[in-house]
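One structure is given here, and the rest of the page talks about it.
The values are calculated or read from the model by the stated rules, or taken from the named source; none is laboratory data. Note that the structure is predicted; figures quoted are calculated from it, not measured. Every residue, glycine as well, gets a Cβ built from its backbone with ideal geometry; the counts of neighbours run over all protein chains shown. Just the protein is used for accessible areas: all its heavy atoms, side chains included, with ligands, DNA and RNA removed. Shrake-Rupley method; radii C 1.70, N 1.55, O 1.52, S 1.80 Å.
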Amino acid sequence: MTWEATTPTLVFMIMTTALATILICTTPPAGFKALFNGVDLSGWQGIVDDPIKRQAMPAEELARRQAAADISMRQHWSAKDGILHFDGKGESLCTTEDFGSVDLWCDWRIEKGGDSGIYLRGAPQVQIWDDASGSGGLFNNKIGAATPLERADLPVGEWNRFHIIVRLDRVTVWLNDRLVVDDVPLENYWDRALPLFASGAIELQSHGTPLGFKDIFVRRLGQAQSGESAASLKEQERDERMEWFRGARFGMFIHWGLYSVAAGEWQGSQVGGAGEWIMLSGQIQPADYSTLLSKFNPVRFDADEWVRLAKCAGQQYIVITSKHHDGFCLWDTKETQWSVMHTPFARDILKELAAACARQGMRLCFYHSIMDWTHPDYLPRREWDARPVGDASMERYSRHMKAQLSELLGGGYGDIGIAWFDGEWEGTWTHELGLDLAAHVRSVAPNIIINNRVDKGRSGMQGLDATGEWAGDYGTPEQEVPASGIPGIDWETCMTMNGTWGYKTSDTNWKNAPALIQGLADIASKGGNFLLNVGPQGDGLIPRASVDRLMEIGRWMETNGESIHGTSASPLGQLEFGRCTSKELPQGNTRLYLHIFDWPTDSNHQLILPSLRNEVIGARLLGETAFAVKVARTDDCHGWTFSLPEQAPDDVDSVLMVDIAGTPATDSVSAGAPTG
Ligand code: FHN
């Protein structure tokens, strides 16, 4: 039978080719744009001379020469199957758009003897070549480093990946995930008396050899104001990535793994300590602990159910243990068989959770333990671990960890909000390894937030050594709330609902919902986030006691969530009746949320703020629209009184919303003396 290509078939073939073409060009990570669309040369132009000469050229000459350069470009540069090809015979090409400080990703491939470079802001260059010294160096530098820190090129003909960050004139380059240039000024090749141009085209340099480029993605970084320091740009970028975190204020921590099956018991006996530490507390040999693999089959696991519960509670992000200290992996990792894929369950739990988060608009984050009690390369071994140390190597372990983090954060599980490290306290993990790991994570997921436990910055359970020399974006107090927050630093208190992070049947010492609600208000009033933990059971269900508390918190959040989400720390001093959170209002005014834990018991049910100079624009109770709050100045005119109804809208935390003119001005005395 001959197969006639009828019109409908032709249309189908054309559409399929078009779709295939579009699909070839991988989509850029969130926040990035593709400089090359994979199908043509739009956004690119031929090169005319150098930036200084172009600047001095009369407009009509520049236009004439640009037209000729574009013709030449189209003769020697072409787009096919998502690859930008150069035949080695023409000139360089560059972006039609200028760029300043950028985060740039670019895959490139050369042939034997190949030679090229990436010009930044029109200045050469990040070197590409087939040379023993390796690619990635700032070849034309005369003062700063010109050669790469190490040779990281893949064999000629294979695709290499550059990740280049340019802030002001300083350049950092990773080649195939390895740091080859570390924060070095790129010099102005065209006039060495001048600093690097503030902006300019990104150029792919012709040097007489065939080239291939693909997946060229760029993200503009905080715009350098004239004379702005690199440090202030870094701060701008950090502010950009911390924005969602500061608004969220409340997240769900999930500790789940093989230990959830053990549930605090081993060979019929209760084991002390937290559920997720049973291997250590019980001094269980890895070989014996691995018998749990065959028992891990959480058939009642429902990712959508977990996400729905978090949302109901008002939690706006989830941090789940991709791998805890026992090394067991909850995803389909290619790096080890010590994973969920080698249990009866054999499903990629993190993939299912990522899909549920995407469906329900929940931000997903991964907790990843640096310490690993089972990986053969991790050191030190537990003193009771009978396995021979052999040639265990932390350097090799660090590479293994980076490879797993590339699997988790590289896009396969969506845009991950936080790389939440832990287990950083042992002597084998160093500040240098922490900086290197943070750089790797940043190179794989440029917008991700990294907590301070990637490095050695956590001074005990308080959360953060505020000296600022440590890697990581925020501090992580654990099971405690810093008395007055951590001024000038983002922080998040993580806390269990009972006494254990991982499920443990015998731990029934549950905090009640009122304490958790007031704890949430307390933490937000100090400018922090609350990461509240659940430890799912071995069957995949979240314990009833946790669900009840989250539902109770959710009922409170339904009425009062605006007094938590998007708020900042209290501008008032110590308040006897409760706490305060705040928000900026338009025209420079301020909204205060007074969290009243102790309802006024005097006959007038008066709440007093003794120290607030601002005019009160309005006041009302959340969840109590019928009652009109009467507002009056205190006798000394330093503060305000609020007449409230006899019955508090909420027994745990009633919120009085008070709008004031301007930014809060208070006396130095502590505000909020009790009434009556
Ligand atoms: O050892 C872990 C513990 O199991 C849990 O994961 C907590 C949560 O932050 N972190 C470590 C103790 O600081």
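Things to note:
- Cβ-derived FRET efficiency at R0 41 Å, ALA30 paired with SER484, nearest 0.05: 0.70
- With both residues required to sit in segment 289-389, DSSP beta bridges show an antiparallel share near 10%.
- Here the 3J(HN,Hα) profile of segment 492-501, calculated from phi with Karplus coefficients 6.51, -1.76 and 1.60 at θ = phi - 60°, is 8, 8, 9, 8, 8, 7, 10, x, 9, 7 Hz, Gly and Pro shown as x.
- Of the residues GLY272, THR641, PHE250, the one whose Cα sits farthest towards the positive end of the charge dipole of the chain is PHE250 (charges of +1 on Lys and Arg Cβ, -1 on Asp and Glu Cβ, taken about the Cα centre).
- The charge dipole of the chain, taken about its Cα centre with unit charges on the Cβ atoms of Lys, Arg (+1), Asp and Glu (-1) only, comes to about 680 debye.
- Of the residues ASP302, ASP598, the one with the largest accessible area comes first in the ranking ASP598, ASP302, computed with a 1.4 Å probe on protein heavy atoms.
- Cα lying deepest toward the dipole's positive end in the chain, options TRP510, GLY578, SER322, charges on Cβ: SER322
- A crude spin-label estimate for the pair LYS334 and ARG613, with each label 7 Å from Cα along the Cβ direction, gives 6.4 nm.
- C-alpha center-to-center spacing [segment 428-453, segment 566-589] in angstrom: 34
- Residue-normalised accessible area of the chain, given per residue in Å² at a 1.4 Å probe: 42
- Added length on full extension, which subtracts the Cα-Cα distance from 0.36 nm per residue, GLN587 to GLU426: 52.9 nm
- Evaluated with a Cβ-only charge set (Lys, Arg +1; Asp, Glu -1), segment 33-226 carries a dipole of roughly 220 debye about its Cα centre, given to the nearest 20.
- FRET efficiency for ASP415 and ARG300, using Cβ-Cβ distance with R0 set to 22 Å, rounded to 0.05: 0.15
- Anisotropy class of segment 240-360 from Cα gyration tensor, a/c 1.5 cut: prolate
- Here the relative contact order of segment 578-660, from alpha carbon pairs under 8 Å that lie six or more residues apart, stands at 38 percent.
- Packing-based ranking of 609-615, 478-484 yields 609-615, 478-484, ordered from highest to lowest mean Cβ neighbour count within 10 Å.
- Remark: segment 33-226 projects, on average over all directions, an area of 10.5 nm² (convex hull of Cα atoms).
- Dipole of segment 312-381 computed with +1 at Lys/Arg Cβ and -1 at Asp/Glu Cβ about the Cα centre; of PRO380, ALA356, SER369, farthest Cα towards the positive end is ALA356.
- Long pairs among LYS526/LYS583; LYS351/LYS402; LYS323/LYS504; LYS33/LYS112, criterion Cα-Cα beyond 21 Å: LYS33/LYS112
- Mean separation of Cα contacts under 8 Å (6+ apart) over length of the chain, as relative contact order %: 10
- Within segment 320-478, DSSP assigns beta bridges of which about 10% are antiparallel (rounded to the nearest 5).
- Gyration tensor (alpha-carbon) shape descriptor, segment 513-552, a/c threshold 1.5: oblate
- Ordering THR666, THR634 by accessible surface, largest first, gives THR666, THR634; the 1.4 Å probe counts only protein heavy atoms, with every chain in place.
- Largest accessible area first, the listed residues ASP177, ASP415, ASP107 line up as ASP415, ASP177, ASP107 when surface is computed with a 1.4 Å probe on the assembled protein chains.
- Mean residue ellipticity (222 nm) of the chain, computed from DSSP H runs ≥ 4 via -39,500 (n - 2.57), nearest 500: -7000 deg cm²/dmol
- Charges were assigned to the Cβ only: +1 to each Lys and Arg, -1 to each Asp and Glu. The resulting dipole of segment 47-154 about its Cα centre is roughly 220 debye.
- Subtracting the Cα-Cα distance of THR601 and LYS80 from their residue separation scaled by 0.36 nm leaves 179.9 nm.
- Coil-residue trypsin sites (Lys or Arg not before Pro) of segment 326-401, DSSP, other Cβ within 10 Å capped at 11: LYS334
- Across segment 84-103, the residues whose backbone nitrogen lies under 20 Å from the label position 7 Å along the beta-carbon direction of ASP49 are 91-98.
- Taking the DSSP bridge list for the chain and keeping only pairs wholly inside it, about 75 percent are antiparallel.
- Sparse-neighbour loop sites [chymotrypsin sites (Phe, Trp or Tyr not before Pro); segment 368-465; at most 10 other C-beta within 10 Å; DSSP]: TRP384
- Equivalent ellipsoid semi-axes - Cα gyration tensor, segment 556-660, angstrom: 18, 18, 13
- Heavy-atom accessible surface of segment 33-226: percent carbon and sulfur, 1.4 Å: 52
- The relative contact order of segment 158-296, computed from alpha carbon pairs under 8 Å that lie at least 6 residues apart in sequence, is 12 percent.
- A Cα-only calculation for the chain places Rg and Dmax at 29.4, 100 Å.
- Rounded accessible area of TYR119 (nearest 10 Å², 1.4 Å probe): 20
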